[in-house]
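Asker: Pasting a structure below so you can have a look.
The values are calculated or read from the model by the stated rules, or taken from the named source; none is laboratory data. Everything numeric here is computed off the predicted structure, so don't read it as measured data. Ideal geometry is used to build each Cβ from the backbone, glycine not excepted, and the neighbour counts take in all protein chains shown. Surface accessibility is based on the protein's heavy atoms, side chains included, excluding ligands, DNA and RNA. Shrake-Rupley method; radii C 1.70, N 1.55, O 1.52, S 1.80 Å.
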2 protein chains.
Amino acid sequence: MYEDRIRNASLRDRVISADEAAAFFQDGMTVGMSGFTRAGDAKEVPLALAERSKRLGRPIRINLWTGASVAEEVDRALTEAGCLARRLPYQSEKLLRDAINRGEVMYLDQHLSLTVEMIRDGQLGNLDIAVIEAVAITEDGGIIPSTSVGNSPTFVKMADKVIIELNYGQPAALEGMHDVYIPIDRPNREPIPILEVGDRIGTPYIPVDMDKVAGIVITNKLDHFSPVSPVDEETEAIAGHLLDFFEHEIRAGRMTDSLHPLQSGIGSVANAVLSGLKKSRFENLEMYSEVLQDSVFELIDSGKLRYASGCSITLSPARAKDVLDRIADYRDKIVLRPQEISNHPGLVRRLGIIAMNTAIEADIYGNVNSTHVMGTKMMNGIGGSGDFARNAYITIFVTKSTAKNGAISSIVPMASHVDHTEHDVDILVTEQGLADLRGLAPRERAQVIIRNCAHPYYRDALMDYYRDALKLGGHTPHVLDQALSWHSRFMKEGSMRIPVVEHR
Amino acid sequence: MYEDRIRNASLRDRVISADEAAAFFQDGMTVGMSGFTRAGDAKEVPLALAERSKRLGRPIRINLWTGASVAEEVDRALTEAGCLARRLPYQSEKLLRDAINRGEVMYLDQHLSLTVEMIRDGQLGNLDIAVIEAVAITEDGGIIPSTSVGNSPTFVKMADKVIIELNYGQPAALEGMHDVYIPIDRPNREPIPILEVGDRIGTPYIPVDMDKVAGIVITNKLDHFSPVSPVDEETEAIAGHLLDFFEHEIRAGRMTDSLHPLQSGIGSVANAVLSGLKKSRFENLEMYSEVLQDSVFELIDSGKLRYASGCSITLSPARAKDVLDRIADYRDKIVLRPQEISNHPGLVRRLGIIAMNTAIEADIYGNVNSTHVMGTKMMNGIGGSGDFARNAYITIFVTKSTAKNGAISSIVPMASHVDHTEHDVDILVTEQGLADLRGLAPRERAQVIIRNCAHPYYRDALMDYYRDALKLGGHTPHVLDQALSWHSRFMKEGSMRIPVVEHR
């Protein structure tokens, strides 16, 4: 069944049950688990830890580090069992989110490329245990990761103990798709030698000191993927504006039909844009991104996408089986890297990435909030958007112009929380249109954003705010008393709509 | 006098007057001028342009690009003459600042490493004329820059016409100190091959197509440096906290006595910190920074600083002559680079920089405002702080805890403008103390920042705000109605102090 996947025979007697693995965990420990956007996450040990906590009648509280989000059932079970004292660098699970927003879990919302630098530099404390999903273990004990690489190479390097979850339900054919590279410690680091999106610079496995392998847990559970929201009229309009923009850049002589390497956040807009590319005249496209979703495989199948570099493969439940059954066919067109490499700001700069990410809201000057609903409640986290946005060739943020059936305008006078500053945002797109902010001063940005991106319902009110602000002057005019009033109104009245009596 | 500094004899007949050079300028042109932090700026041609505008009775309006700030008299004269339609990427002159804040000059406040990428990519339009200060012109027509490199190499590469201001008042001995390197266009760019702060990878001159040299203007005007604010009790206290922190990091085994390469913003705090290093036990220090100020030369003289890489030499009027007279002695200890290299985020990451920059204000969660007074009025600009902050080994922001004799608290409930997000700020320091934010969630950050950094006068009021915010919950708790009330109060009453009746 699984034995041939443990190619180093001496490791076969380290097979233990998930419960035995869970017994290693003690209160106050720091644990690093594989998993990025619900792909390649540890599946058995965290659930066994939650169970053990329940049996004990008190939670074993840990500090949990992952690549990014893990299966919802894992974060949910650990939250329910009260096991999470601290959590980083990203999550997207409802129960955990609520616990974070109640202040019960201390959450560090980090740039995804930076976590391992801080860990290797000893700035986040000791890592006690790493739990890493593998599709195989090599003759030399190397770990072949599954559908994500994430932060696993550094977790394995730094942890006192390593537990491997050998998953024989994941295709063995994933082997050869990974490229594991850990930059050496600073200040004597060499340049990362990636010159093209497909360059391979490391090993196809995660090297591990075999003495640290405390146990191998066997599983065949599949990744617990979530459905992707279907393309709708608005996401299709956003995609259309973006494709028009790319055409405009080609006509201006700034890009060829192959564009620049693409990075795309996850979600329905990303899917719509990538689907739009499938029907476009662009060709020989390349991706240098984080998450490879359904649409990436469709673009490869259609012959449009030449190569995709990422750090995880996250599919919809509907497409997962088909893609994973044929995964060997993609091996010469896809590479999976550690997230510090897939998201490396120096590589983003060198390769000239087109970065496309989703905003929760943007203000009239182009500051973007990616994380906090109404300035206070964490949604998921900044993820890799900051790794890409500051150094990309072109930085694009997309959002629908309204949310909650129009009760929320995604274009606001002042962002209630800022993750991406005006300095970092080149292009803002909603279904209403596209604002090209390159070369514009804040006063110019405001007019373009209000005109092109705001929903017509909110356009006049935004322009009123801007005109009132202009009377007070400044490089970035604001009426401080009113700047967050739209958010306050929503909190009190359930809508940002301005009552008629107030409206001029 | 100057002839021997034009070593290519065929160029000697291109010497023209500043007035003749100014005649090249036409309304609507884009002009790139040398200059970074008032060092190595074009001195004659911009003033002649202002004069010509006055004579004409109407301004010749240009779009002016520089490295960073230029001599105050230059930006002032151009502002007074109405010549500045647009300006980027940094300034620090009072008249210009006022014009920006009145909306008369469209100002692009950019990350200083990014401007040339956008220019070379054609994203900011055509560059008509470059005006570059030189200490000499080589046999092959290469330009030897003076006290800064800034954006000049790209200006020379991209401009239709090049005007050289040959300045024989600047020391000829600056030759050999520069290292000019322009990364090739993307997406086929090689890694920038700097492995140590002192590595030289380019040419000691700016290559120029001699056919483009439209004129050489002769001058001997010195750089118009500004005095540096002296170290005072508060800046000394800030420096003391930082030095204690470095000791703490050494004890924790995370750094050696040589620390990591240092980057330091300009100003009195930077001077105090670097002066503190002179008296410290640290040794073999290195700098990888933007501006090399007085204190850098003092550190080299004292034997503490092994090597300094920067993009400009900006001295106080009191020290300028002494340092420049001995500049040849520093040639094996200093390199001047283009600002895209001195500030390159990929190199900042690779070299593991300790980044120290100044905040105007920070909020209780560690978001930093570097640019906008009361959220609206531009002070100078973000400069290189964003290039360094996101990718540094440790990112430090410093500010005095109050301004305007205590009427302003630099620690506020919510930053009125965000240039550096909570994700990017590791350490916050005021004269009151140091907040180590690494590994802390926002609710933990708030307590440490209020306790360690806020002025005692404002501490209780900040804690009151935080407690009120906690009642509303959230990952980053805020009372939106009150979040900017401290700034509003200052705008109305001239002070952030809370009247006694309101205070609980």
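Asker: Give me the inter-chain shielding for B:387-393: mean count of other chain Cβ atoms within 10 Å, whole number please.
Answerer: Mean partner-chain Cβ count within 10 Å for B:387-393: 4.
Asker: Given a 1.4 Å probe and every protein chain left where it sits, what share in percent of the accessible area of segment A:392-439 is carbon and sulfur?
Answerer: Details: 350 of 870 Å².
C and S fraction of accessible area: 40 percent.
Asker: Return the sequence-ordered ³J(HN,Hα) values of segment A:149-158 in whole Hz as given by the Karplus equation 6.51 cos²θ - 1.76 cosθ + 1.60 applied to θ = phi - 60°, using x for Gly and Pro.
Answerer: Values per residue, Gly and Pro as x: 9, x, 9, 4, x, 6, 4, 5, 5, 8 Hz.
Asker: Rounded to whole Å, give me the distance from the Cα center of segment A:69-98 to that of segment B:256-310.
Answerer: 44
Asker: Where in segment A:236-259 does accessible area fall by at least 20 Å² between the isolated chain and the complete protein assembly, at a 1.4 Å probe radius?
Answerer: Residues losing area: A:254.
Asker: Taking the Cα of residue A:172, stepping 7 Å toward and past its beta carbon, and measuring to each backbone N in segment A:1-26: which are under 11 Å?
Answerer: Residues A:1-7 qualify, since their backbone N sits under 11 Å from the label point.
Asker: Expressed as an acute angle from 0 to 90° and rounded to the nearest 10, what is the orientation of the C-alpha long axis of helix B:456-472 relative to the principal long axis of chain B?
Answerer: Its long axis makes an angle of about 70 degrees.
Asker: Here's something else I'd like to know. Can you give me the C-alpha center-to-center distance between segment A:124-175 and segment B:455-504, rounded to a whole angstrom?
Answerer: 48
Asker: Ok, one more. Pull up all non-local amide H partners of residue B:408: gap of 5 or more, or a different chain, and H-to-H distance under 5 Å with H placed in the peptide plane.
Answerer: Placed amide hydrogens put B:403, B:496 under 5 Å from residue B:408.
Asker: Here's something else I'd like to know. What whole number of Å gives the distance from the Cα centroid of segment A:360-380 to the Cα centroid of segment B:195-240?
Answerer: Their Cα centres are 39 Å away from one another.
Asker: Another question about this same structure. Can you tell me the equivalent ellipsoid semi-axes for segment A:165-213? Use √(5λ) from the Cα gyration tensor, largest first, whole Å. Walk me through the numbers before you get to the answer.
Answerer: Numbers: eigenvalues 129, 67, 7 Å².
Square roots of five times the eigenvalues give 25, 18, 6 Å.
Asker: If amide H atoms are built 1.01 Å from N in the plane of the peptide, which residues on other chains or at least 5 residues away come under 5 Å of the amide H of residue A:334?
Answerer: A:308
Asker: Pull up all non-local amide H partners of residue B:92: gap of 5 or more, or a different chain, and H-to-H distance under 5 Å with H placed in the peptide plane.
Answerer: B:70
Asker: Could you state, as a whole-number percent, how many of the C-alpha pairs of the protein assembly as shown are farther apart than 60 Å?
Answerer: Of all Cα-Cα pairs in the protein assembly as shown, 7 percent lie more than 60 Å apart.
Asker: Mind listing the label-point distances from residue B:17 to the same position on all other copies, shortest first, one decimal in nm, points 7 Å along Cα→Cβ?
Answerer: When each copy's label point is compared with this one, the spacings are 9.7 nm.
Asker: Need one number: buried accessible surface between chains A and B, 1.4 Å probe, both sides summed, DNA, RNA and ligands left out, in Å² to 100.
Answerer: 6700
Asker: Moving on to the next point. Accessible area per residue of chain B at 1.4 Å probe, in Å²?
Answerer: Details: 16090 Å² over 504 residues.
On a per-residue basis, chain B sits at 32 Å².
Asker: Now a separate question. Can you compute 3J(HN,Hα) from phi for each residue in segment A:123-131, using the Karplus curve 6.51 cos²θ - 1.76 cosθ + 1.60 with θ = phi - 60°, rounded to whole Hz and x for Gly and Pro?
Answerer: 7, 10, x, 6, 9, 7, 9, 10, 10
Asker: Just to confirm the number: angle between the C-alpha axis of helix A:268-279 and the first principal axis of chain A, 0 to 90 degrees, nearest 10?
Answerer: With both axes taken from Cα atoms, the answer is about 90 degrees.
Asker: While we're looking at this one, here's another question. For residue A:407 paired with residue B:281, estimate the spin-label separation in nm (one decimal), with each label point 7 Å from Cα along the Cα-to-Cβ line.
Answerer: 6.2
Asker: With all protein chains present, how much of the accessible area of segment A:208-287 (probe radius 1.4 Å) comes from carbon and sulfur, to the nearest whole percent?
Answerer: That fraction is 49 percent.
Asker: Turning to a different aspect of this structure: Quick one: what does P(r) look like for chain B with 10 Å bins over all Cα pairs, in whole %?
Answerer: 4, 20, 28, 25, 15, 6, 1, 0
Asker: What pairs from B:161/B:333; A:43/A:321; B:43/B:157; B:221/B:278 go past 25 Å between their alpha carbons?
Answerer: As for pairs spanning more than 25 Å Cα to Cα, those are B:161/B:333; B:221/B:278.
Asker: Let me ask another. First compute the accessible area of segment A:60-171 with a 1.4 Å probe, then give the percent of it belonging to carbon and sulfur atoms.
Answerer: Solvent-exposed carbon and sulfur of segment A:60-171 make up 46 percent of the total.
Asker: Additional query: Ignore the peptide's own chain and count Cβ atoms of other chains within 10 Å of each Cβ in B:347-354; give me the average, rounded.
Answerer: Values: counts 2, 2, 11, 9, 4, 7, 2, 0.
The shielding value for this peptide is 5.
Asker: Right, next: Rounded to the nearest 10 degrees, what's the angle between the helix B:45-56 long axis and the longest principal axis of chain B, both from Cα atoms, 0 to 90?
Answerer: Taking Cα atoms only, the helix is inclined about 80 degrees.
Asker: Under the rule of -39500 (n - 2.57) per DSSP H run of 4 or more residues, summed and divided by the residues of chain B, what mean residue ellipticity at 222 nm is obtained, to the nearest 500 deg cm²/dmol?
Answerer: That comes out to -8500 deg cm²/dmol.
Asker: Partner chain Cβ atoms within 10 Å, averaged over the residues of B:484-491 - can you pull that number for me?
Answerer: Counting other chains' Cβ atoms within 10 Å and averaging over B:484-491 gives 3.
Asker: May I ask you to order A:388-397, A:326-335, A:44-53, A:251-260 by the average number of other C-beta atoms within 10 Å around their residues, highest value first?
Answerer: A:388-397, A:44-53, A:326-335, A:251-260
Asker: Pull out a ≥ b ≥ c, the square roots of the eigenvalues of the alpha-carbon gyration tensor of segment A:197-276, then state rounded if a/c is under 1.5, prolate if not and a/b is larger than b/c, and oblate in the remaining case. Numbers along the way, then the final one.
Answerer: Values: a/c = 5.64, a/b = 1.78, b/c = 3.17.
Verdict is oblate for segment A:197-276.
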